[in-house]
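**Student:** One structure, pasted below without further comment.
The values are calculated or read from the model by the stated rules, or taken from the named source; none is laboratory data. Keep in mind that what you see is a predicted model, and the values were worked out from it rather than measured. Don't worry about glycine lacking a Cβ; one is built from the backbone with ideal geometry, like all the others, and counts go over all protein chains shown.
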Amino acid sequence: MIRLKPFLLMLGIAALVAAPIGQGNYIVYTLASWLIFSITAMGLNLTLGYAGQVSLAQAAFMGIGAYITALMTLNGIHWGLAVIVSIAASFAVGLLLGYPALRVQHHFLAFVTLAFNTLLFLVLRNEEEITGGSFGLVGMPRPSFFGITTDSNIAFYYFTLVCFIVSAGAMWWILRSPWGRAFRALRENPIRAESLGLKVRRQTLLAFAIGSAFGGLAGALQAPLVQFIEPSSFALIHSLKILLMVVVGGSGFFFGPMLGAAVVILLPELLRFTEGYYLIIYSTLVIVLMVFSPTGLIGAGKKLAERFRPKHEARRDLKQGVQL
């Protein structure tokens, strides 16, 4: 079983490498978009699934990363420097938002982050001299490294794939570090975690800021992919969509955000052959999943695996005790 996991991992990476080969530009663009939303969903999964804090501002952090990257690259600064600034800015804003927000918990925290997402949307729309307002920003260049450009959709897909793998590796390391164990302890029983000496407020704030930084990275990739951004691209509806990705895939599972992003981004495209009915079918499938498996697709898969797994019964004589 230990050897099977690396094999499946390599098989998955090989499938991602082969996925865009022979596909049209629209399919390649959609696959790249799925990878980008998987990155931002991973960040929200850290905040929600591991630290147990509900955030409705993940699209806002994507917007921060996207606009910083767009403004810097349009002024001739390389994407590599722009993405560092975008991630750092999203991390810093996450910390600043976290200090007052973490005085409240659960759905109250959701309202605070919802207000922040709305506030950022209004700022982006009204500061026309900087952000372009409702007209947005257009023409962001795609990055090039050592003479290798990512101007074509398939080249940018592979560039996004590299960023996705690095992000997933970083998240894997975080979750298996002492920080990750502390995040899980906060989710399961914050009172017990605090009684054991864990700084609950500091750890929760750290999870919130790291999750925000992942959103900033996703935004820094979104800007050159689309090459046009405007405030509506990062409105509240998109934060709800990212939240849906985490919940549908499986909150608190490592691969949950990736699977959820595939459902939210790719499934509607697969259902387009139904023409006007695809949104009805898509919504019905999501509702049925949430009713019968609140833990998402991965949770449903684990339940099925446990049902068909052979059960080992204890010896009855040991259960009743030895008769003398």
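**Student:** For ARG142, all conditions in the list (1) part of a helix (DSSP H, G or I); (2) surrounded by 15 or more Cβ atoms within 10 Å (Cβ to Cβ) hold save one; what is the number of the exception?
**Tutor:** Only one criterion in (1) part of a helix (DSSP H, G or I); (2) surrounded by 15 or more Cβ atoms within 10 Å (Cβ to Cβ) is unmet by ARG142, namely (1).
**Student:** Suppose we filter segment 122-143 for residues that are closer than 29 Å to ILE27 by Cα and modelled with pLDDT of 90 or more; how many remain?
**Tutor:** The qualifying residues number 6.
**Student:** For segment 286-306, state whether one or more residues are within 16 Å of ILE36 (Cα to Cα), within 20 Å of the chain's Cα centre (by Cα) and crowded, with 19+ Cβ neighbours inside 10 Å.
**Tutor:** Scanning segment 286-306, I find no residue that is within 16 Å of ILE36 (Cα to Cα), within 20 Å of the chain's Cα centre (by Cα) and crowded, with 19+ Cβ neighbours inside 10 Å, so the answer is no.
**Student:** Can you find a residue in segment 91-114 that is touching a residue at least 24 places away in the same chain (Cβ under 8 Å) and within 27 Å of LEU16 (Cα to Cα)?
**Tutor:** no
**Student:** Given the residues VAL85, VAL54, which is the only one that is farther than 22 Å from LEU109 by Cβ, surrounded by fewer than 24 Cβ atoms within 10 Å (Cβ to Cβ) and either touching a residue at least 12 places away in the same chain (Cβ under 8 Å) or not hydroxyl-bearing (Ser, Thr, Tyr) (or both)?
**Tutor:** Every option except VAL85 fails the conditions.
**Student:** Next question. Can you find a residue that is surrounded by fewer than 21 Cβ atoms within 10 Å (Cβ to Cβ), of a type outside the set (A, V, I, L, M) and within 20 Å of PHE164 (Cα to Cα) anywhere in segment 254-269?
**Tutor:** Yes, because at least one residue in segment 254-269 is surrounded by fewer than 21 Cβ atoms within 10 Å (Cβ to Cβ), of a type outside the set (A, V, I, L, M) and within 20 Å of PHE164 (Cα to Cα).
**Student:** On to the next question. Let me spell it out: the conditions are (1) at pLDDT below 90; (2) surrounded by fewer than 13 Cβ atoms within 10 Å (Cβ to Cβ); (3) among the aromatic types (Phe, Trp, Tyr), and TRP179 meets all of them except one. Which number is the exception?
**Tutor:** (2)
**Student:** Right, something else. Just to confirm my filter: which helices (runs of 4 or more DSSP H) fall fully inside segment 217-293 and include at least 3 residues that are modelled with pLDDT of 90 or more and at negative phi?
**Tutor:** 236-249, 256-261
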